[in-house]
Amino acid sequence: MASVFELIPPSKKHVIWDFNGTLVDDVTLVLGITNDILKERNLPGVDADSYRSLFEFPVSKYYAKLGLPGEGEAFLAVADIFAKNFESGMHDCSLRPDALPCLTTLSERGQTSSLLSASRQESLTALAEQFGLTAIMTEVCGIDDHYAHGKIESGRKWLSQTGRSPEDLVMVGDTAHDYEVATNLGASCVLVSYGHSSREKLELTGCPIADSLC
């Protein structure tokens, strides 16, 4: 069982971290909100294994798999309900217990870190401060809305603004989308098995998979 720390080569100067599911333990929160929305619409609920097998970006595709609206005004209405409950509930979630030790050890090894998330920028900034990540991260990058379309464009913008070399970068995340982001940036990628996607889905990327952070 490898850890993220073991799988990140010392030669990589900068680590781009996904937030939800990777550093923060919020799977239970997401599952609860999802099942409340499904119940209100008389749709079948999902358990943790089913959720982790179905979840993907953009979330509109995931909604459609559950029988929820995947486009148009109906999708936006469901997404607004989810976002309201999610942003409120996130304040009661916790960092994974090995998150700060991992980030600190990487820093001591001379490797810097930043956050790249599909969360709304204002919310992400507040949560990074709450969880004590602001002082550790060189950048905290979210998106302009809460519809979770993905973060490839914000990743490209970050790369352009920072001027970092792709060969110096490694992305750490918990979904195949994180691998897509890494590929678009020219970075390498490590995925974690405990987040929002099943190990089976992650294995399809061919990325190294970690079962813990440190």
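The values are calculated or read from the model by the stated rules, or taken from the named source; none is laboratory data. These numbers were taken from a predicted model, which means no experiment stands behind them. A quick note on method: Cβ atoms are made from the backbone with ideal geometry, for glycine too, and the neighbour counts reach across all protein chains shown. In case anyone asks, the SASA skips ligands and DNA or RNA and just uses the protein heavy atoms, side chains included. Shrake-Rupley method; radii C 1.70, N 1.55, O 1.52, S 1.80 Å.
Overview of values
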{"item": "Options 168, 144, 174: the member that is of a type in the set (D, E, K, R) and either open to solvent by less than 10 Å² (accessible area, probe 1.4 Å) or touching a Leu at 6+ places or on another chain (Cβ under 9 Å) (or both)", "result": "174"}
{"item": "Hits in the range 168-200 - residues which are farther than 17 Å from residue 62 by Cα and either assigned to a loop (DSSP other than H, G, I, E, B) or among the polar types (S, T, N, Q) (or both)", "result": "183, 184, 186, 187, 188, 193, 194"}
{"item": "Residue match in the range 27-40 (condition: part of a loop (DSSP other than H, G, I, E, B), among the aliphatic types (A, V, I, L, M) and under 24 Å from residue 181 (Cα atoms))", "result": "no"}
{"item": "Members of the range 80-125 that are aliphatic (A, V, I, L, M) and within 24 Å of residue 194 (Cα to Cα)", "result": "83, 90, 95, 99, 100, 103, 106, 115, 116, 118, 124"}
{"item": "Qualifying residue in the range 6-17 (condition: touching a residue at least 40 places away in the same chain (Cβ under 8 Å) and under 22 Å from residue 76 (Cβ atoms))", "result": "no"}
{"item": "Some residue of the range 149-158 being at pLDDT 95 or above, out of contact with any Leu (no Cβ under 7 Å at 6 or more places or on another chain), open to solvent by less than 40 Å² (accessible area, probe 1.4 Å) and not in a strand (DSSP E or B)", "result": "no"}
{"item": "Subset of the range 110-134 (residues that are outside any helix (DSSP H, G or I) and either among the hydroxyl-bearing types (Ser, Thr, Tyr) or at pLDDT below 95 (or both))", "result": "112, 113, 114, 117, 118, 119, 120, 134"}
{"item": "Which listed residue, of 105, 134, is touching a helix residue (DSSP H, G or I) at 6+ places or on another chain (Cβ under 9 Å), more than 20 Å from residue 205 (Cβ to Cβ), surrounded by fewer than 19 Cβ atoms within 10 Å (Cβ to Cβ) and in contact (Cβ under 8 Å) with a residue 60 or more places away in the chain", "result": "105"}
{"item": "Sole exception among (1) over 16 Å from residue 99 (Cα atoms); (2) at pLDDT 95 or above; (3) open to solvent by 50 Å² or more (accessible area, probe 1.4 Å); (4) not small (Gly, Ala, Ser) for residue 196, by number", "result": "(3)"}
{"item": "Residue match in the range 196-203 (condition: in contact (Cβ under 8 Å) with a residue 24 or more places away in the chain, in contact with a Cys (Cβ under 9 Å, 6 or more places away or on another chain) and not hydroxyl-bearing (Ser, Thr, Tyr))", "result": "no"}
{"item": "Test: residue in the range 57-72 that is closer than 20 Å to residue 182 by Cβ, within 16 Å of the chain's Cα centre (by Cα), in a loop (DSSP other than H, G, I, E, B) and of a type outside the set (Lys, Arg)", "result": "yes"}
{"item": "Residues being hydroxyl-bearing (Ser, Thr, Tyr) and either within 22 Å of residue 141 (Cα to Cα) or open to solvent by 50 Å² or more (accessible area, probe 1.4 Å) (or both) - total across the range 3-36", "result": "3"}
{"item": "Counted residues, the range 96-109 - those being under 17 Å from residue 21 (Cα atoms) and assigned to a loop (DSSP other than H, G, I, E, B)", "result": "3"}
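For every residue, the table says whether it meets (1) modelled with pLDDT under 95; (2) open to solvent by 40 Å² or more (accessible area, probe 1.4 Å).
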| residue | (1), (2) |
| --- | --- |
| 38 | no, no |
| 41 | no, yes |
| 47 | no, yes |
| 72 | yes, yes |
| 79 | yes, no |
| 94 | no, yes |
| 101 | no, yes |
